[in-house]
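Some notes on the structure that comes next.
The values are calculated or read from the model by the stated rules, or taken from the named source; none is laboratory data. This structure is a prediction, so every number in the text was calculated from the model and none was measured. A quick note on method: Cβ atoms are made from the backbone with ideal geometry, for glycine too, and the neighbour counts reach across all protein chains shown. Note: areas computed on protein heavy atoms with side chains; ligands, DNA, RNA excluded. Shrake-Rupley method; radii C 1.70, N 1.55, O 1.52, S 1.80 Å.
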Amino acid sequence: MRITVTVDGTKYTDEVEPRTLLVHYLRERLGKVGTVVGCDTSNCGACTVHLDGHSVKSCSVLAVQADGCEVTTIEGLARDGKLHPVQQAFHDNHALQCGFCTPGMIMQSIDLLADNPDPDEHAVREGLEGNLCRCTGYQNIVRAVRDAAKQMSPGAGPEAERIAENKHVGVGGD
């Protein structure tokens, strides 16, 4: 099937198998390897991306379901060489160890902050409950999300992610 999807501000048109998962399309076709394959069962959240501004586990979405949509990956967050405030807060608060879960945690945190720009500790833990970290005790992750909330204006969601669309036909496109 032919799909057209805008990923990190660039428009791609490609032929995909109907059964191709969005995570595999992003990684294998577009080279967006920051989107991690963790469990392939939607349990860990490592593959979280934004689909039309809302977090989804890309291992549970078919690439054809993203046809006509905007996808933002961890690679699409930085602007003009500057990290997104949530990325910066994760760095500043040492909110990672091995880093495997970090892309998904950051993407979910941005969605959380778009819905609740000033979450308390409980709200952060609840908002991240679908994302697993096997290394940390989550305390620094919670601290990072709360720090990012302080650093950001309300509305960390789609408007903060949107960049000028490039009418480029993508890698592997016809």
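Tabulated data
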{"read-out": "Whole-angstrom Cα spans of the range 2-76 along principal axes, big to small", "value": "29, 24, 20"}
{"read-out": "Test item: Cα-centred dipole of the chain, Lys/Arg +1 and Asp/Glu -1 on Cβ, debye", "value": "340 debye"}
{"read-out": "Spatial separation of Cα centroids for the range 18-94 and the range 124-151, in angstrom", "value": "18 Å"}
{"read-out": "P(r), alpha carbons of the chain - 5 Å bins starting at zero, rounded %", "value": "1, 9, 19, 22, 20, 14, 9, 4, 1, 0"}
{"read-out": "Förster radius 22 Å - calculated FRET efficiency between ARG125 and LEU83 (Cβ-Cβ, nearest 0.05)", "value": "0.40"}
{"read-out": "Per residue accessible area in Å² of the range 83-151, where ligands, DNA and RNA are left out and the probe is 1.4 Å", "value": "50 Å²"}
{"read-out": "FRET efficiency, GLN139 to GLU17 (Cβ-Cβ, R0 45 Å, nearest 0.05)", "value": "0.60"}
{"read-out": "Exposed-site-free run, longest, the chain (rule: trypsin sites (Lys or Arg not before Pro); DSSP loop; at most 14 other C-beta within 10 Å)", "value": "20-133"}
{"read-out": "GluC sites (Glu not before Pro), loop per DSSP, at most 13 other Cβ atoms within 10 Å - longest free stretch of the chain", "value": "1-128"}
{"read-out": "Per-selection Kirkwood Rh - the range 36-136 (Cα, Å, 1 d.p.)", "value": "14.0 Å"}
{"read-out": "Calculated P(r) of the range 85-159 - Cα pairs past 13 Å, %", "value": "58 percent"}
{"read-out": "Accessible-area value, SER58, 1.4 Å probe, nucleic acids and ligands omitted, Å²", "value": "0 Å²"}
{"read-out": "Magnitude of the charge dipole, the range 2-76, Cβ model with Lys/Arg +1 and Asp/Glu -1, debye to 20", "value": "80 debye"}
{"read-out": "Contact order normalised by residue count of the chain, Cα under 8 Å, 6+ apart, percent", "value": "30 percent"}
